[in-house]
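What follows is a short report on a single structure.
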Amino acid sequence: MKMEHRTSYAVDAARKRLDQIGAVILVGSGKGGVGKSMISSAIALTLSSQGRRTGLLDIDLHGASIPEYLDLKPPLRSGENGLEPKRLGKLRVMSIAFFAGDNPVPVRGVEKEDLIAHLMALTNWGELDYLIVDLPPGMGDELLSAFSLFAHKCRLLLVTTPSKYSFNVVSLMCKLAARERVPLAGVVLNMSYMLIGRRRTYPLGRVDRSLLEKAIGARLVTEVPLEPRINQRRFQEVLKGNSELTKAIRDLTKTLLKA
């Protein structure tokens, strides 16, 4: 009963924060290893670079990777209006990793809902045009908590790779979103191809657009290339210039803004 009270209080406080946020884009896949956090980070960085007030919330409680992508480290600073999110230029970022560091976060059941609500409620986001939420893999408590918390102003962007095994899981995520009445922003085909010289090559085979959309049940928004430099350079540097990855993310962002 005590936990229910705390969770309810945190949810109410989180929704007050949401009153200052224009739109929420949830980025998920239902599984790990598809580059969901890379897509989340890239969208947030691109929106911020275009002058839009943008926040990035990482709610992967057991394997947060957003801080690594963006090279952000604890500690957090507390202010009059709550915890101050980390800043990367004008982008505002919050993650459970800023609290846990290199330690595991063994939470279960209602504690997950409680933790996500508190993370949102305690963060001084200020006024935002967009909040990008990096969802954890799986379709359990964290996902359902996010759907419930952000329901009134969110859309779900699905991420998959060119693999039938990924399609199968992402299609389940699509069905769950429909059941929970969460509108879809579409699906991103990540790691679709590599650019060698000026020629595209498809290491995992070329995917037929209509077959993908039929298998998953969502509209294909864009294809994003496999970019080996992500493991070799700072992510922000990889996104600069006019690379194939940068162009794909810009196209994706334009589509999200039109929806």
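We did not get these values from a lab; they are worked out from the coordinates using the rules stated. Predicted model only: the values in this text are computed from it and were never measured. Cβ coordinates were reconstructed from backbone atoms using ideal geometry, including for glycine residues, and neighbour counts include every protein chain displayed.
Summary table
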item	result
All-pairs Cα distance distribution in the chain, expressed in whole percent, bin size 5 Å	1, 6, 14, 18, 21, 17, 12, 7, 3, 1, 0, 0, 0
Spacing of the two label points (7 Å from each Cα toward its C-beta) at Lys258 and Arg198, in nm	2.6 nm
Full-extension gain in nm, Ala178 to Asn231, via 0.36 nm per residue minus C-alpha separation	15.5 nm
The stretch 1-155, relative contact order in percent, only Cα pairs under 8 angstrom and at least six apart counted	42 percent
Distance from the stretch 1-71 to the stretch 121-176 (C-alpha centre basis), Å	9 Å
Residues Arg77, Arg198, sorted so that the one with the fewest Cβ neighbours within 10 Å comes first	Arg198, Arg77
Residue order, fewest to most surrounding Cβ atoms within 10 angstrom, among Val238, Val188	Val238, Val188
Mean separation of Cα contacts under 8 Å, 6 or more apart, over the residue count of the stretch 2-258: relative contact order %	24 percent
Glu237, Glu80 arranged by Cβ crowding within 10 Å, fewest neighbours leading	Glu80, Glu237
